[in-house]
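The values are calculated or read from the model by the stated rules, or taken from the named source; none is laboratory data. Because the structure is a prediction, the values reported are computed rather than measured. For neighbour counting, all protein chains shown are included, and Cβ atoms are generated from backbone atoms with ideal geometry for every residue, glycine included. Side chains are part of the model used for accessible areas, which takes the heavy atoms of the whole protein and leaves out ligands, DNA and RNA. Shrake-Rupley method; radii C 1.70, N 1.55, O 1.52, S 1.80 Å.
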Amino acid sequence: MSTYTLGVETSCDETSAAVVQDGATILSNIISSQIDSHKVFGGVVPEIASRKHLANVLPVIQEALSQAGMTIADIDQIAVTCGPGLVGALLVGVTTAKAIAYARKLPLIPVNHIEGHIFANMLGRATIPAPFLCLTVSGGHTDLLLVEKPGEYLHLGGTRDDAAGECLDKVARVLGLGYPGGPEIERAAASGNPEAFDFPMVLSGHKTFDFSFSGLKTAAINLINHYRQRGQAIPVSDLAAAFQKAVIDQLIDRTDKALREYSPAALLLSGGVAANGLLRQEIVRLAEHHGIAHYIPEQALCTDNAAMIAAAGYHRSLMPGFSPADLTLNAYPELPIYGLKPIL
Ligand code: KG4
Ligand code: ZN
């Protein structure tokens, strides 16, 4: 018999609900984006995000059920993102999921947003060989995790300052491109020369799997200001191409190093920045070079969505020792992944 999981995601600027069968088959995945409301401010405004989630969460859940051809009576369990993220935004999803779980007597599964991104890779697939290395790159996180088996994570490295997506967003804003900046940088870079500027490769050759992007960001912004101060036209496409390459080169350098050190069975990519064409291409190339399998979610499942939360919730519910949350479940803005161990 199949298990139908209703996923709810409200950690940042997308209100999303999904119905997923057995953690793998998407029956619906409704995403109501707030991007237009935040665009004018050049970034996510937390209070606006919370208000929009509040207005959208029930219609989005209703739409997810109706697109799956179901009613709430057909749902077996509810998975909800409880962190990390914006506290007011998270609270909307958590409170809604708690209310539905209480009213319908359904098990409530708390999901870590980052684990959700990793499990986006399980959608449409039976299984992934373990141990695997996962590079998670989003607007808030840049992490290299060695996954012994789902639920057991060794944290090899993370960013020491800005996340890669955050950096792309900030440089795009200074360049006068739109929000979110990652796709805008990618679009501008398509007609640019990645060799036009020489950005440094940060932390390469150091004894670490950590990343650092703030120096790269400052170098790019200084360059842009330099053109502005001289009254010269900014070579937007070349700058976008060279900056995008510098960010990706660093991601690939650390991932390559981890593959050489740990020889996992597969390489996974996840998080919003995984939608980037060049990064996807480079990850495939790297996995092929190491002779291992690679898994990358389809583009629409890289950025925030509730199908990945339902998938992660389903798999979490099968892990030994799991018990559903009760009504004391809260929102946890800094939530670390459960089962995460540092490398040292
Ligand atoms: O995972 P996500 O949707 O939200 C967070 O959990 O942060 O990731 C959003 C990030 C933003 O920084 C956005 O600019 C970036 O993912 N992003 C991209 C692309 N699409 C989204 N970065 C580079 N290229 C893209 N095509
Ligand atoms: Zn995300």
Between region 114-129 and region 80-113, what is the separation of their alpha carbon centroids in Å? 20 Å
In the chain, taking the dipole from +1 charges on Lys and Arg beta carbons and -1 charges on Asp and Glu beta carbons about the Cα centre, the listed residue (P131, A306, G181) farthest towards the positive end is G181
Where trypsin sites (Lys or Arg not before Pro) fall in DSSP loop in region 21-105, at most 16 other Cβ within 10 Å: K105
Among bridges DSSP assigns within the chain, what percent are antiparallel (round to 5)? 55 percent
Select from region 107-214 those trypsin sites (Lys or Arg not before Pro) which occupy a DSSP coil region and have at most 12 other Cβ atoms within 10 Å, ordered by residue number. R125, K207
Looking at region 130-235, which GluC sites (Glu not before Pro) are in a loop (DSSP not H, G, I, E or B) and have at most 13 other Cβ atoms within 10 Å? E195
Amide H within-cut-off set for D210, under 5 Å, with H built and near neighbours excluded: G158
Hey, which of these cross-link pairs are over 32 Å Cα-Cα: K217/K257; K39/K207; K170/K257; K52/K257? K39/K207; K52/K257
Go ahead and set up a Gaussian network model of the chain, Cα springs under 10 Å, then flag whichever of F119, F209, F197 fluctuates most. F197
Reported to two decimal places, what Rg/Rh ratio describes region 129-296 when computed on Cα atoms with Rh from the Kirkwood expression? 0.99
Around A274: net Lys/Arg minus Asp/Glu count, Cβ-Cβ under 14 Å: -4
Residues meeting the amide H criterion for Y332 (H placed from the backbone, H to H distance under 5 Å, 5 or more places apart or on another chain) are G83
Using a cut-off of under 17 Å, list every residue of region 245-272 whose amide N is near the label point 7 Å from the Cα of H206 along the Cα-to-beta-carbon line. 247-258
Can you list the equivalent-ellipsoid semi-axes of the chain, largest first and in whole Å, using the square root of 5 times each Cα gyration tensor eigenvalue? 34, 24, 16
With +1 on each Lys and Arg Cβ and -1 on each Asp and Glu Cβ, how big is the dipole of the chain about its Cα centre, in debye rounded to the nearest 20? 260 debye
Provide the per-residue ³J(HN,Hα) series for region 169-182, in order, calculated from phi with Karplus coefficients 6.51, -1.76, 1.60 and θ = phi - 60°, each as a whole number of Hz, with x at glycine and proline positions. 4, 5, 5, 4, 5, 5, 6, x, 8, x, 10, x, x, x
Amide H of V45 versus every other amide H placed in the peptide plane: which residues, excluding those fewer than 5 positions away on the same chain, fall under 5 Å? none
Ignoring ligands, DNA and RNA, what percent of the 1.4 Å accessible area of region 129-296 is carbon and sulfur? 48 percent
Using a 1.4 angstrom probe with every protein chain in place, what is the largest-first accessible-area order of S263, S16? S263, S16
GNM result for the chain, Cα springs below 10 Å: residue of L168, L327, L133 fluctuating most strongly: L327
For the chain, what does -39500 (n - 2.57) per DSSP helix run (n ≥ 4), summed and divided by total residues, give at 222 nm, in deg cm²/dmol to the nearest 500? -13000 deg cm²/dmol
For the chain, modelled as a GNM with alpha-carbon contacts under 10 angstrom, which of D74, D253, D210 fluctuates the most? D74
